[in-house]
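The structure appears below as structure tokens.
The values are calculated or read from the model by the stated rules, or taken from the named source; none is laboratory data. Please read these numbers as outputs of a predicted model, since none were measured by experiment. Virtual Cβ from ideal backbone geometry, glycine too; neighbours counted across all protein chains shown. Areas reflect the complete protein model, heavy atoms only, side chains present, ligands, DNA and RNA absent. Shrake-Rupley method; radii C 1.70, N 1.55, O 1.52, S 1.80 Å.
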Amino acid sequence: MKEDEIHIQIVEYWELCKPHGAFVHHSPNESWKAKVAWRMKQKRMGVRHGFPDLLFFCPIKAWKWANHYAPLLLEVKTPKGRISENQQQCLAELKDADCHVAIVRSCKDAEDVLHKFMEMRDVRT
């Protein structure tokens, strides 16, 4: 399965199970096909190479530990996918900023992480 297919499965699962008032965002922040001028402009606008694929927000009342409330960011990879140096650095900086980050390699991995932090509607069997 390709990375984008896993990514789409995660978003579809999220839409079925998300807490009321929660949302997800994907930042398409890197493209090797883009022209250099476009990538330079994006960098000046705050785009970070290595930023995780999915950013989840939910109301505090749906967060399992209100005293540890923070954004949850997931980096999606295939089972054999590698984390780049930019991704490693960005994930470390996000952890330093007290964000919750995880690397997931399947929709099941993402489900487990989401259920760990948020009161999701459980549709798993």
- With the 8 Å Cα cutoff and a minimum separation of six or more residues, region 40-93 has a relative contact order in percent of 48 percent
- Message: Taking 0.36 nm per residue of sequence separation and subtracting the Cα-Cα distance, how much length would be gained by fully extending the chain between ARG121 and LYS95, in nm to one decimal?
- Response: 6.7 nm
- What FRET efficiency would be calculated for the residue pair TRP65, GLU5, taking the C-beta separation as r and a Förster radius of 25 Å, to the nearest 0.05? 0.20
- Message: How big is the dipole moment of region 2-125 about its Cα centre under a simple scheme where the beta carbon of each Lys and Arg is +1, that of each Asp and Glu is -1, and everything else is neutral? Debye, nearest 20, please.
- Response: 420 debye
- Query: If you count the DSSP beta bridges with both ends in the chain, what percent of them are antiparallel, to the nearest 5?
  - Reply: 60 percent
- Message: More than 19 angstrom separation, counting every C-alpha pair in region 1-62; what % is that?
- Response: 46 percent
- Solution diffusion estimate, µm²/s, Stokes-Einstein, the chain, Kirkwood Rh from C-alpha pairs, 20 °C, viscosity 1.002 mPa s: 139 µm²/s
- Task: Assuming a ≥ b ≥ c are the square roots of the Cα gyration tensor eigenvalues, decide whether region 60-107 counts as rounded (a/c under 1.5), prolate (otherwise, with a/b larger than b/c) or oblate.
- Result: oblate
- Task: State whether region 35-85 is rounded, prolate or oblate according to the following rule on the C-alpha gyration tensor (a ≥ b ≥ c being the square roots of its eigenvalues): a/c under 1.5 gives rounded; otherwise a/b larger than b/c gives prolate, and the remaining case gives oblate.
- Result: oblate
- Over 23 Å between C-alpha atoms is what I'm after, so list which of LYS77/LYS108; LYS64/LYS95; LYS41/LYS77 land there. LYS41/LYS77
- Decide, for region 86-125, between rounded, prolate and oblate: order the square roots of the alpha carbon gyration tensor eigenvalues as a ≥ b ≥ c, take rounded if a/c falls under 1.5, and otherwise choose prolate if a/b is larger than b/c, else oblate. oblate
- Query: Say the dipole of the chain comes from +1 at the beta carbon of Lys and Arg and -1 at that of Asp and Glu; which of LEU114, GLY46, ALA102 then lies farthest toward its positive end?
  - Reply: GLY46
- Item | Label-point separation, LEU16 to ARG44 (7 Å along Cα→Cβ), nm | 4.5 nm
- Message: What is the percent carbon and sulfur in the accessible area of region 31-125, measuring with a 1.4 Å probe over the protein chains and ignoring ligands?
- Response: 54 percent
- Task: Place a +1 charge on the Cβ of each Lys and Arg in region 61-118 and a -1 charge on the Cβ of each Asp and Glu, then give the dipole magnitude about the Cα centre in debye, rounded to the nearest 20.
- Result: 260 debye
- Query: With every protein chain present, what is the per residue accessible area of region 26-125 (1.4 Å probe, Å²)?
  - Reply: 66 Å²
- GNM of the chain, Cα pairs under 10 angstrom: of PRO52, PRO71, PRO28, the biggest fluctuation goes to PRO28
